[in-house]
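These notes concern the structure reproduced below.
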Amino acid sequence: ADSMVNANDAGTRFLSDSNFVRGFVRALRVKHSFDYGFDSLASVSRLYAPDSSFRIFTWQLKKDEYFYYQKGAIQMQTKDGSLKLYPLFDASMFTAKPLDSMRSAKNWIGAIYYKLIQKTWQGRNYYTLLGFDGYTVGSNRKWMDVLSFDPNTGEPVFGGPFFMVQPDSLKKPKLQYRFNIEYKKEASTTFNYNPEMDLVIFDHLISE
């Protein structure tokens, strides 16, 4: 997992990713693997839903100095311990407008998730995800997305008309399907959930 980002040449990074994915899926196919924590995977984010209905793994692959692929998978809890897995495919590099659409696992807006917050609305569970994206050579992004599951198919759905964003006092609020901040590589920013306030708190960023 470490070599997917830190190996010197691209060939080694891509081969490491291929080997990692094959080995990881073999491990997940072991019965009741949902109960195994995979604590040794230091380069892979692992988040469990508070209701234990699923867990989500995310990691990144360095393509070159200018771009990182985010990769991931959602493992569902099953009664018999068999594997039910939704691989996540990052479509960020093919997307000019990542803020204005609902997404499936096949065209996910990639991020390395570090926080998962569960809420219920009208009898349906929604899981707010906060994540990091290495994005470009000059800037990073942090994302807030909402994961839910289609009540008919059970498939994961990312995003929705949940965010009203007001850029400044002169413009009308704009409806977005997810929210992000972008900042210089050298900057340090806050973007996290405060459980006491029940709010997501993030820094106000101003262009240089």
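The values are calculated or read from the model by the stated rules, or taken from the named source; none is laboratory data. It should be emphasised that the depicted structure is a prediction, and the values quoted were computed from it without experimental measurement. Here the Cβ is made from the backbone with ideal geometry for all residues, glycine too, and neighbour counts use every protein chain on show. Only protein heavy atoms, including side chains, enter the accessible area calculation; ligands, DNA and RNA are left aside. Shrake-Rupley method; radii C 1.70, N 1.55, O 1.52, S 1.80 Å.
At-a-glance table
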item: Filtered residue count, region 1-37, keeping only those that are loosely packed, with under 11 Cβ neighbours inside 10 Å, charged (D, E, K, R) and within 22 Å of the chain's Cα centre (by Cα); result: 2
item: Cross-chain or 6+ apart pairs with Cβ under 6 Å, region 25-36 first and under 19 Å from Ser52 (Cβ atoms) and in a loop (DSSP other than H, G, I, E, B), then open to solvent by less than 40 Å² (accessible area, probe 1.4 Å) and of a type outside the set (Ser, Thr, Tyr); result: Lys31/Gly81; His32/Gly81
item: Cβ-Cβ under 6 Å pairs, at least 6 apart or on other chains, region 129-141 side open to solvent by 40 Å² or more (accessible area, probe 1.4 Å), far side assigned to a strand (DSSP E or B); result: Phe132/Ile112; Phe132/Lys142; Tyr135/Arg141
item: Per-region count, region 42-76, residues free of Cβ contacts under 8 Å to residues at least 60 places away in the same chain and surrounded by fewer than 16 Cβ atoms within 10 Å (Cβ to Cβ); result: 6
item: Scan of region 167-208 for residues that are open to solvent by 80 Å² or more (accessible area, probe 1.4 Å), within 29 Å of Ser104 (Cβ to Cβ) and outside any strand (DSSP E or B), ordered by number; result: Pro167
item: Selection count, region 142-166, where residues are aromatic (Phe, Trp, Tyr) and either at pLDDT below 95 or loosely packed, with under 11 Cβ neighbours inside 10 Å (or both); result: 2
